[in-house]
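Structure first, commentary second.
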Amino acid sequence: MRVVLADPPAFTPPYDHELASALARAGVEVELVTSRFRFGATPSADGYRRTELFYPLSSRLFRRSRLRLPLKTAEHLPGTARLLRRRPDVLHLQWLAAPELDARIFRPRVPAVFTAHDLLPRRTAGKRGLWRELLRRFDRVVVHSEHGRAALAELGVDARVIPHPAFVSDPPRRDDGRTLLCLGMIRPYKGLADAVATLDRVEGARLLVAGDPLQPLNGLREAAGARAEWRLGYLPPDEIQRALSDATVALFPYRPELDQSGALLQALGAGVPAVAYDVGGIAEPVRRFAAGRVVPPGDLDAFAAAVQELIGDAEALAAARAGARRAREELTWDAAARSHVALYEELL
């Protein structure tokens, strides 16, 4: 079986790499079609072929400057044309980078699968008719949670749930029993202000913020003061491991703008339990494996109480850590690959 995995904007290089490698281990011939990742090194291809087909100039000339957007738009059409000229057994698209443009030009000629990582991406979430039309061009749509399946059912799309696997790691436990971690790119929907406010409600807690800010921090550093450590910037894998090693509990006070969080699966994969708002599909692995606590969205008092329970009760923390390890053992990339192969075989 020949499969082309496509992530044109290189939004999720770690996910792309792990899935492509697991599919290759399952006997699939895989080509990963993507673009140059603008913020750091990417994993070396392991058993699959990697082709940087998209955005050859804009991905090299710019990082986050808006000046790249017109050039990126101009490059999208020839990149998509080259992608569609491929004739694998299955084309599996991870992201639709320019949905308004894709609605006019993206018409796959082979069996096609789409993974709706963010369900309806933020910029175009209100354009439900656009997404209904785009998703109907795929033979199968994959989501990472039952929440995601239900959300797309409202658009008339029958999606298949394949849970997001854990990114397995085993960093040494160096935490002090009171360090709360916010991991990953800092965006408005991730609720960093609620994480900082938690410090005022949990005695003795300290906050570790490890990630690249894509929003103004607007006095959050001053509000946290000496109780927080800020490791800002796009972090290489060794720095992510260091942050996970230092963390007692990972925080996910997210707003309802995405379905699943790669940062959550990094935390659980390292054996770090989580406290999360019940938004999107984020609660599902935490509840399923008893890997922390889930509280109502926006309920800061309940969020802080859950944090206090875990860092103040050794038995509760040990149980939540055991739940995170169970998630790591069950949510494997090889299991996800088997589910994907079974889905692909339905189309052949």
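Loop-only trypsin sites (Lys or Arg not before Pro) in segment 179-223, please: DSSP not H, G, I, E or B, and at most 11 other Cβ atoms within 10 Å.
none
So for the pair Ala318, Asp170, with labels modelled 7 Å out along Cα→Cβ, what separation do we get in nm?
Going from the Ala318 label point to the Asp170 one covers 2.1 nm.
Between Arg201 and Leu71, 0.36 nm times their residue separation minus their Cα-Cα distance comes to what?
42.1 nm
Roughly what would the spin-label model give for Ser339 and Arg36, points 7 Å off Cα along C-beta, in nm?
3.5
Using a 1.4 angstrom probe, figure out how much accessible area segment 199-316 has per residue, in square angstrom, rounded to the nearest whole.
Per residue, segment 199-316 has 38 Å² of solvent-accessible surface.
May I ask for the longest run of the chain untouched by GluC sites (Glu not before Pro) that are loop-located per DSSP and have at most 14 neighbouring C-beta atoms (other than their own) within 10 Å?
Value returned for the longest uninterrupted segment is 1-153.
Tell me which of Ser44, Thr34, Leu258 sits at the most positive position along the dipole axis of the chain, charges placed on C-beta atoms (Lys, Arg +1; Asp, Glu -1).
Farthest along the dipole direction, towards plus: Thr34.
Which FRET efficiency value, to the nearest 0.05, is calculated for Ala305 and Tyr234 with the Förster distance at 30 angstrom and r the Cβ-Cβ distance?
Between Ala305 and Tyr234 the formula returns 0.35.
Under 5 Å between amide hydrogens, which residues at least 5 positions from Ala6 or on another chain qualify, with H placed 1.01 Å from N in the peptide plane?
Val33, His92, Leu93, Gln94
Compute the convex hull volume of the Cα atoms of the chain, divide it by the residue count, and report the result per residue in Å³ as a whole number.
Roughly 127 Å³ of hull volume per residue.
Let me have the 222 nm mean residue ellipticity of the chain computed from DSSP H runs of 4+ only, each contributing -39500 (n - 2.57), with the sum over all residues rounded to the nearest 500.
-11500 deg cm²/dmol
So the label point goes 7 Å from the Cα of Arg87 along Cα→C-beta, right? Which residues of segment 27-63 then have their backbone N under 19 Å from it?
29-31
Distance from a point 7 Å along Cα→Cβ of Val110 to each backbone N in segment 82-99: keep the residues under 17 Å and list them by number.
82-95
The values are calculated or read from the model by the stated rules, or taken from the named source; none is laboratory data. Since this is a predicted model, take the numbers as computed values, not measurements. Reconstructed Cβ throughout: ideal geometry from the backbone, glycine too, with neighbour counts over all protein chains shown. Please note that ligands, DNA and RNA were not included when accessible areas were found on the heavy atoms of the full protein model with its side chains. Shrake-Rupley method; radii C 1.70, N 1.55, O 1.52, S 1.80 Å.
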